[in-house]
Each structure stands twice: as structure tokens, then as C-alpha cells.
Amino acid sequence: MRVTLAFIGALLFLPIVSAQSPTQRSQPAAASARQAYSVPRTPWGDPDLQGLWPSIDMQGTPYERPETFGARAVLSEEEIKARETQTERQAEVDAETTVNTQRAPRGTGTGPPSHWGERGRPSRQASLIVDPSDGRFPPMTAEGERRSKEAYSTYFLDFPEAVTAHPFNEFSDLGIYDRCITRGLLASILPTAYNMGNQIIQVPGAVIIRNEMIHETRVIPVNGQPHVGSKVRQYLGDSRGHWDGTTLVVETTNFNGKVGITRNGNTLPTSQDLKIVERFTRVDQSTLQYEATVSDPKTWTRPWTLSLPLKLHPEYQFFEYACHEGNYAMKHILSGARADEKAEAGQPVQ
């Protein structure tokens, strides 16, 4: 998707208000790096965060830390070596010239060859979640638990613990990602199986963040423009940014409550009270530290924070994410559900 300067320029003549800064946690190593590194500037004086920052290097790092880790946030030497061995074995599988059907999803042979996937590098970071200190989601509210169990998605086929099985009666019974609408704000940035591209573009008064999968683009004013009215609700919410020193702080509100946080936005659905505060800090020439604090009092009993380094990959290429499979699948999923109902009722199935 190309974003023209003329379109973005219209955003720059709007009134200025202040944005609220999130509570910062103590990070001595990151602070030291920021002191040692002089962040480049754009021609108009803003910190320059532009570039291709795919999350591919953190693929394989789970959202939640294993419970046995407790407060330990990094892998031991033995654990990192095991992860490196797994990466080497995966590289051998990817190099195979034929597809091993036993390695395809659920052993059906219907999955793509494994080399279609994008591989990261083993990381010592034990989980994406860094707060709470155990690296796990905080407890959910009663409403959040109910909403999570009632989530409509085809994902219960692969993750039966995530959502409740249900009949597909109409198109809205399929999840947001099933229908190729969006993966949501966080899932669009975080590592996944493929198409993990993130690009930052800057113009005076605005920062543009592009995500490769489902070709999302956020145009974020950094000139003090206020949020839109509370009645305007969107899948990706309404983002407004400001500079805290050399850190870009983005506060996003006005979500429509139709997108989940995990598994491509299909699970752990959130409410309209969701607020996400992101922090983008360039700590050296090739590293952009990304942090996001999630607050949703109708879903979790307290806010939680994830953090990961995004590495600069100038050679990375965005590819079209033509999400048409879900559109074809909807017809077959719905017709298949009707056929099952007829069969169960003893009626002939054509």
C-alpha cells in the first residue's frame, strides 16, 4: 500500500493537545544504550525511526513464560542450546526437496512445504510478556473469561482450549482473521508464521506504520491532534503519538471490541475499553525496542506489558498478502455445517 504525502499532509493542520505518557519501568541496560547512542534525526528534527523492522528475529518466543520459570526472564545456557538445536533441525527440514506429509498440519498433507515459513533466530528472552514479573497474562475478569469462551472462530479446531466449539450459522460466526479483515493492532506487529514485515515512514507531523500481513497501515499524528469522538470505533482503534525524548509514544483507544489479542486476533477477545500504549525506542543503529502496555479493565484485572527488540532489515521485502482463502472457505464451511445438520437429522445430503 502506498501512502502519499498529499494525503498525509491533510493531517498536519489540526489542533494541538497533550498526550498522556505511560508509566515507565526501570531498564538500566536500555537506558545506558540510549545514552551511548545518538539517534539520527529527520530533516525536520524528529528522531528518525524509519526503516524495515520485521519481527522475524523473535519468532518462536512465546507470549507467556513457562510457569516453571517463575520470575526468570531469560533462558539458561542449556535452554538456549536446545533452542538452537531445534532451529538447526528445522533448517534441515526446510532444505528438503519434497514435502513430508507427516510434518504437515495434523498429518493431512494439506499444509504448504515447511520452507514457506519464515524462521527467526534463537532468543534468550523467555517470553514476550515482561510485566507481570512472571511473564504471564494477569487473571481475567469474569466478563473476560466469558467472552473468551464464547469467541467465534475456526481456531477451536487447532486450539480447543482457546474457544468453545459452535455451529457456523452465518458468516459472522467466523473470526475476524478467518474473514481476512484484520489481525488486530498487536498481532500485526508481533512475530507469526510468515509475512512479519513492519515498516516505519515519517513525514512532518505524522508517523506511518505499515504491517505486511493483511496490509494494515496506521497514519499516526504526532502534532497533538486529539482522538476522534468516542462514538467512532475501529478494528485498529484510533492512534495518537508524541515524542518522549527520542522515544515515540503511541496511545490507541476507540477500539470496537471485535478483535482478540492472540492467535492472529482470533482469541482472547477484548472490549471497547481496551487501550494500548506503545513505545518505540531506537537503542542502536539496528535495534528498535518495542514495548506495549495493554489496559482493558473489562478483560484483565490489571494492565500488562510486552516487550521485544525489532531488528533493522534493509533487505526485507514486503509481499502482497492476498487473503482470499478465507473468502472461499466461508462458503464451504457454512455449506458443510448445513450438510452435517442434514446428516444428523437423517435427511439426504446432496
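Every read-out reported here was derived from the displayed coordinates using simple, explicitly stated rules and does not represent laboratory data. From a predicted model like this one, the values you see are computed outputs, not experimental measurements.
Starting from the coordinates of the alpha-carbon atoms of the stretch 113-152, obtain the Kirkwood hydrodynamic radius over all distinct pairs and give the value in Å to one decimal.
Mean inverse Cα-Cα distance, inverted, gives 13.6 Å.
Go from 0 up to the bin containing the longest alpha carbon distance in the stretch 191-339, width 10 Å each, and give me the % of pairs per bin.
In whole percents, the pair-distance histogram is 9, 33, 36, 16, 4, 1, 0.
Out of residues 5 or more away from Asp131 or on other chains, whose amide H comes under 5 Å of its own, with H placed 1.01 Å from N in the peptide plane?
Counting only residues 5 or more places away or on other chains, the set is Thr305.
For the stretch 202-216, take each phi angle, set θ = phi - 60°, evaluate the Karplus expression 6.51 cos²θ - 1.76 cosθ + 1.60, and give the result in whole Hz per residue in order, putting x for glycine and proline.
10, 9, x, x, 7, 10, 10, 10, 9, 10, 5, 6, 6, 5, 7
Would you mind checking which residues have amide H under 5 Å from Gly51's amide H? H placed 1.01 Å from N; only 5 or more apart, or other chain.
Amide H neighbours of Gly51, under 5 Å, 5+ apart: Ile200.
Based on the alpha-carbon gyration tensor of the stretch 255-304, what equivalent-ellipsoid semi-axes (square roots of 5 times the eigenvalues) come out, in whole Å, largest first?
They are 25, 13, 9 Å, listed from largest to smallest.
Long-range amide H contacts for Glu216: which residues qualify at under 5 Å (H placed 1.01 Å from N, peptide plane, sequence gap of 5 or more or a different chain)?
Asn211
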